[in-house]
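What follows is a single structure, written as structure tokens, with notes after it.
Just so you know, all these numbers are worked out from the coordinates, no wet-lab data involved. None of these values were measured; they are calculated from a predicted model. Note that each Cβ is placed from the backbone with ideal geometry, even for glycine, and that neighbours are counted across all protein chains shown.
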Amino acid sequence: MYTTTILSSLILLGNAVAIDCRPPGPVVPKPRNLHANELFAQATANLTDALESALNGTIVAGWPVENTSFSIGLVSWDQPEKAVPTWEYHHLAPTNVNGTKHLTRDSQYLIGSISKVFTDYILLQSGLELDSPITEYLSVLQDEASLIHWRNITLRHLASQVAGIPPNYGFSEYYYLKEYFVALGFPLLPDSDYPPCGVLELNGGCTKDQFFQGMLSSYPVAAPESRPVYSNIAFNLIVYAIQEQTGQNYTELLRDFVTTPLGLSNTMVSPGDDSKAVIPPVDNSWGSDYGDNAPGGGLVSSLSDLSIFIRGILDHSILESETEVLQWLKPSSSTGSPSSLVGMPWEIYRTQELTPAHPHTIDIYAKAGSAYGYQSHMAVIDEYGVAVVVLTAGSAKATDIIYGTVLSTLIPAIDEIARSQAAQYTGSFVSVADGGVNATLVQDDDSLVLAGLRRNGTDVLEGLFEINRVAIGGFLNVEPSRARLYPVGVETPGSCPRPDGSNGTVVLEDWRVDWVFEMRSDSELPGAALTAGDCLTWTLADWIHYGSEPLDRVVFVLDPQTRQVLGVEVPFIRSGVLGKSESGD
């Protein structure tokens, strides 16, 4: 089941509570042409200065800069070249001895658990039924003696970290610390008490048969779907299931579903290419053979390859349809924090901290990865059509610091650019023929606002308020106070009369009014306004119609090439296309 958390901001106004919340998604259309934008150039220059100040010791970096190399990229949905990030920065640690001596976007890093994103992507394209139990594909797990009830676990559960199974088999045994355990009061155990494979410093990696025997004797961590439980071995199982259907191993699946069709030249199962490798001057796992554990954390990749892959997510082309991409990005489970959700396999962070000038909730669809000596972050922010990639080799302290610095520096600037570009949607729009209809749209801190709507001298906007008071207030204890507009991602190509009188092809872009409501109560009982925070105003979309036209639908008419706003239409009053008034009146 997908869950969506809606931001609620409650403001007490005497005996009224303002229910000030907005639907998830973009406030304004995603920005275009960041690569040519002066404000973005200034933000990246500031970011570069900050990073170089940390590297040269002018400010405290927070990590040992002498042995930590990194590559950073900001990927945009409309960047001219898929493999070239809109902005990038690279640093090769001065103490690097092995691997590449020229760090570029094609240099290779171990990406750890970002590998899980690629494995889920293969699953989505494999043709397997995601909601079928894993036992349908792996009959060996049908053993009734198994402590884990595998018949209740689906491929979707495994891909979304809600299967409730252990994170590892064998690897979670800290055998090399056994004397320390004993010193702390634990009993001394014979080696036979440990798993027969996968235990570091005791035995070798597991064969496929040993792995499945381990699955039948492992304890469940939680009931499926009850709560998220991070699991690496879930991705072993996913690939074993796909192998049963296709006869291909993981390397072949990666080639046929990912690297060949997308043109990725640096993404592969470890080990990678030593001549391209960023090998840190610390203990590391570069060159390791991950065997059957590769689907959960054993891939090598580069900034250029991740840029191509993420660009496909951002422009919604990486799967068969935009709907499939948006579904992939949706959460599958909540966590104990209202700021954190879990997806497939996204680690979704919801924050209001990134745009202090215009506070609103931003959803970051991220995946972090770790390998010995390597840390990585990949974060998609679909609202703005951008993503951030941070790849590091060296100190584990560096990645989170760099990741936070990039987000906090660039996202406020990108938000300002999006709002600036949305200014073309504001102004006074009038009917060309007789001026009988006038719509006024303004921009506030949160969105576009329908500030005025008149038809033949009548205040239709006030009429909308009154209709909502009567129709909605009749069954909900709320009263409308403001008409905010948001883009909903619905576009239709069309041909219609333009405001200048010409006919031509246009794009019709749907926006919807999302009413700000107030809940009124004279009750002195405790908790009388408690449910105001539930923010169920999302249930009111498209609720009131007038002659088959919803009262919350407003359509902008755009030029298909330049995306410039040519006019606006208010279908529920049959306004026709309204052109922007040059005088602004």
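List of remarks:
- Positive-end residue, the chain charge dipole about Cα centroid, Cβ charges, pick of Ala396, Ala422, Thr537: Ala422
- Degrees between helix 233-246 axis and first principal axis of the chain (Cα, 0 to 90, nearest 10): 90
- Nearest-20 debye value, the stretch 122-246 charge dipole, Cβ charges on Lys, Arg, Asp, Glu: 260
- Counting Lys and Arg as +1 and Asp and Glu as -1 over every other residue whose Cβ lies under 13 Å from the Cβ of Asp78, the net charge comes to +3.
- Cross-link table Lys208/Lys330; Lys30/Lys367; Lys116/Lys276; Lys101/Lys397; Lys30/Lys82; Lys116/Lys330, entries beyond 28 Å C-alpha to C-alpha: Lys208/Lys330
- Helix 303-314 vs. the chain, principal-axis angle (Cα, 0 to 90°, nearest 10): 40
- Least to most buried among Cys197, Cys206 (fewest other Cβ within 10 Å first): Cys197, Cys206
- Overall form of the stretch 330-381 per C-alpha gyration tensor (a/c, 1.5; a/b vs b/c): oblate
- Restricting the stretch 166-269 to GluC sites (Glu not before Pro) that sit in a DSSP loop and have at most 13 other Cβ atoms within 10 Å of their own Cβ leaves Glu201.
- Cα centre as origin, Lys/Arg/Asp/Glu Cβ charges: the chain dipole, Debye: 320
- Placing unit charges on the Cβ atoms of the charged side chains and taking the dipole of the stretch 122-246 about its Cα centre, the candidate lying farthest along the positive direction among Asn236, Ser192, Gly204 is Asn236.
- Given charges at Cβ of Lys, Arg, Asp, Glu: the chain dipole, positive-most of Ser447, Ala294, Val488: Ser447
- Convex hull volume per residue, computed on the Cα atoms of the stretch 275-413, equals 144 Å³.
- Three-way shape label, the stretch 122-246, alpha-carbon gyration tensor, a/c 1.5: prolate
- Theoretical ellipticity at 222 nm over the chain - DSSP helices of four or more residues, -39500 (n - 2.57) apiece, nearest 500: -6500 deg cm²/dmol
- Residue order, fewest to most beta carbons within 10 Å, for Val60, Val278, Val342: Val60, Val342, Val278
- Ascending count of other beta-carbon atoms within 10 Å, so fewest first, for Tyr180, Tyr372: Tyr180, Tyr372
- Phi-derived couplings, Karplus 6.51 cos²θ - 1.76 cosθ + 1.60 at θ = phi - 60°, listed residue by residue for the stretch 126-142: 6, x, 6, 7, 5, 9, 7, x, 4, 5, 5, 9, 10, 5, 4, 8, 7 Hz, with x used for Gly and Pro.
- Relative contact order of the stretch 122-246, taken over Cα pairs closer than 8 Å and 6 or more residues apart, is 39 percent.
- Using C-alpha pairs below 8 Å separated by at least 6 residues, the relative contact order for the chain is 18 percent.
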